[in-house]
Amino acid sequence: MKKLIIFATILIFGCSFNSKSFKDYSKLSEPTDRDYIDHLAASGLVYLKSEDIKEIKLKPESVHFLEQVYERITSNNEILLSHEIKPEFHIIKNKTPFLFSLPHSQFFLSSGIMERYLKSEELFVAALAAEILKSNRNIYEKRIMVPIGFNSTEKMIQITKLRPETKNQINEWTYFILKRSGFDASAYLNWIQVQNRNTLDFSLYLGDAIGISKEEHLFKNFMAKQGVTSVEKRINESNSSKPFYKLLNNVASNK
């Protein structure tokens with residue numbers, strides 16, 4: 001996988017520009033890649049503390065289920081992924097369907113996407129796996145974000161959005177990490193198709209309908225190259241586990 005560009009942050013300092021302070025400032029070194037990643041990771045806390053953001057409190061059994069999924073994916077893909085950082089899962093009370101991740105294993109999903117589109121465990125795991133890959137490998141575009149004291153959902157989605165060519169790489173790697181973890185890797189195609197069939201609902205998340213249609217076409221071709229002859233698959237919600245249903249109930253009970 002080619003080297004990907006990561007996120008850059010501009011810090012605004014309130015200070016007087018006398019000769020001494022300017023001289024001291026000029027000695028500062030340029031931010032490193034690690035600085036950029038740490039700034040992006042820190043934006044998650046700012047987001048959660050923003051006035052319009054309401055987080056659903058997860059029950060211990062819901063957290064345990066999510067951590068088990070994370071551990072299963074990372075531990076079965078140790079060459080590619082690390083599972084040293086304890087993951088954080090945040091369900092945001094919002095009807096708009098979205099999910100995104102930040103560095104340091106931070107994951108954010110809306111209650112809307114859980115209740116309307118990720119009601120199957122296979123589909124949920126497939127969608128989450130892509131975000132685990134992005135967060136674990138620090139796959140984020142380089143963007144400038146001026147701190148203003150709060151972060152909206154729209155802003156977070158924008159700064160974590162990837163270029164189409166990068167998304168296509170993510171899709172292929174997600175297929176492999178799901179397969180290596182013993183999950184149904186073909187469910188990831190269903191996740192792409194869900195977005196493609198509901199482009200109006202996912203407009204904030206996708207940006208445009210043309211990109212997701214092309215993404216589905218390319219992923220089908222990729223699966224065919226893997227020897228998957230039948231790429232169409234019906235998702236059966238009744239195959240989900242009890243812990244997953246408890247997670248859905250946890251979200252639904254906090255409307």
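With respect to the cross-link table entries Lys59/Lys220; Lys95/Lys161; Lys49/Lys220; Lys57/Lys220; Lys95/Lys134, which display a Cα-Cα separation exceeding 30 Å?
Details: Lys59/Lys220 37 Å; Lys95/Lys161 20 Å; Lys49/Lys220 40 Å; Lys57/Lys220 37 Å; Lys95/Lys134 24 Å.
Table pairs above 30 Å Cα-Cα are Lys59/Lys220; Lys49/Lys220; Lys57/Lys220.
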Fewest-first sequence of Tyr175, Tyr188 by Cβ atoms within 10 Å of each Cβ: Tyr175, Tyr188
Other-chain or far-sequence residues with amide H under 5 Å of Glu55's (modelled H): Lys93
With θ taken as phi - 60° and the coefficients 6.51, -1.76 and 1.60, list the Karplus ³J(HN,Hα) couplings across segment 73-90 in order, rounded to whole Hz; mark glycine and proline as x. 5, 6, 5, 8, 9, 5, 5, 9, 10, 10, 10, 7, 8, 6, x, 10, 10, 10
Sort Ile157, Ile73 so the one with the fewest other Cβ atoms within 10 Å of its own Cβ comes first. Ile157, Ile73
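Which ordering of Leu204, Leu123, Leu247 is given by a fewest-first count of other beta-carbon atoms within 10 Å?
On the way: Leu204 14, Leu123 21, Leu247 27.
Ordered from fewest to most neighbouring Cβ atoms within 10 Å, Leu204, Leu123, Leu247 come out as Leu204, Leu123, Leu247.
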Expected unfolding gain across Arg163-Ser75 under the 0.36 nm per residue rule, minus the alpha-carbon gap, is 28.9 nm
Phi angles of segment 34-42, converted by Karplus (6.51 cos²θ - 1.76 cosθ + 1.60, θ = phi - 60°) into ³J(HN,Hα) in whole Hz with x for Gly and Pro, give 5, 4, 4, 4, 5, 5, 5, 4, 5
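Each reported figure results from applying straightforward, stated rules to the coordinates on display, with no laboratory input. In this text the structure is predicted, and so the values were computed from the model without any measurement. Counting neighbours? That spans all protein chains shown, and the Cβs are built from the backbone with ideal geometry, glycine included.
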